Each structure stands twice: as structure tokens, then as C-alpha cells.
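One structure below.
The values are calculated or read from the model by the stated rules, or taken from the named source; none is laboratory data. Since the structure is predicted, the reported quantities are computational estimates derived from the model, not experimental observations. A quick note on method: Cβ atoms are made from the backbone with ideal geometry, for glycine too, and the neighbour counts reach across all protein chains shown.
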């Protein structure tokens with residue numbers, strides 16, 4: 001089971017949110033013992049809705065890379081304005097739905 005804590009999300013910067021451990025390089029791509037980041041559940045879900053594990057491993061293996069990526073930066077700008085307790089729906093991106101990944 002993933003570790004969960006309450007604190008500040010390393011991706012969006014919101015405080016007092018439930019955090020989960022995100023492997024910057026996905027475990028299935030060899031990132032089991034590599035760097036992780038503590039991010040809120042909505043950000044974690046959004047990352048995995050937008051990107052495949054291959055994309056994450058190849059070009060998004062750092063928090064700074066995730067923050068600056070075009071697809072995720074709009075989401076981060078929006079989520080920062082949301083209260084910590086708000087339930088957020090997440091949908092796979094069109095490309096992820098189209099190819100079933």
C-alpha cells in the first residue's frame with residue numbers, strides 16, 4: 001500500500017492535503033528504489049491520466065519537468081486555486097483513451 005501523509009504537495013504547492021508517494025521513474029520502468037515525490041492525490045491521478053509510464057520515464061523524471069510540461073501546467077494553475085478538501089474528477093487524456101493505455 002502506498003504511504004500517505006498530510007502536508008504540502010511538491011507539485012502544486014497546496015498545503016494540508018493528503019499526500020501519496022509518486023515514483024518519478026515508474027516502478028515498472030525500473031524506478032522502484034529511485035527518487036520519489038510526495039504529491040497530493042488529485043495531482044497524482046492527473047499525472048497518470050495524462051502520461052504513459054514510458055513518457056514519464058523518458059522525459060518527466062523530475063518534479064521540475066512535470067511542472068513545466070504544457071499538458072500539466074494548466075492543471076497545476078487550476079488546482080492551486082482549489083480548497084484542500086475538494087473532490088476532483090480525473091479523466092484520461094484523449095490520446096490515452098484512444099490507444100487504451
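A few points about this structure:
- Taken over the range 32-48, the criterion of being in contact with a helix residue (DSSP H, G or I) (Cβ under 7 Å, 6 or more places away or on another chain) and not in a strand (DSSP E or B) is satisfied by 42, 43, 46, 47.
- Some residue of the range 42-52 being more than 13 Å from the chain's Cα centre (by Cα) and over 15 Å from residue 8 (Cα atoms): no
- Looking only at the range 19-29, and only at residues there that are without any contact (Cβ under 8 Å) to a residue 24 or more places away in the chain and surrounded by fewer than 16 Cβ atoms within 10 Å (Cβ to Cβ), the one that is nearest to residue 7 (Cα to Cα): 21
- Looking only at the range 57-97, and only at residues there that are within 18 Å of residue 15 (Cβ to Cβ), at pLDDT below 90 and surrounded by 12 or more Cβ atoms within 10 Å (Cβ to Cβ), the one that is farthest from the chain's Cα centre (by Cα): 84
- Complete set of residues in the range 30-53 that are surrounded by fewer than 17 Cβ atoms within 10 Å (Cβ to Cβ) and more than 27 Å from residue 83 (Cβ to Cβ): 30, 32, 33, 34, 35, 52, 53
- Of everything listed in (1) assigned to a strand (DSSP E or B); (2) modelled with pLDDT of 90 or more; (3) surrounded by fewer than 19 Cβ atoms within 10 Å (Cβ to Cβ), the single unmet condition for residue 6 is (2).
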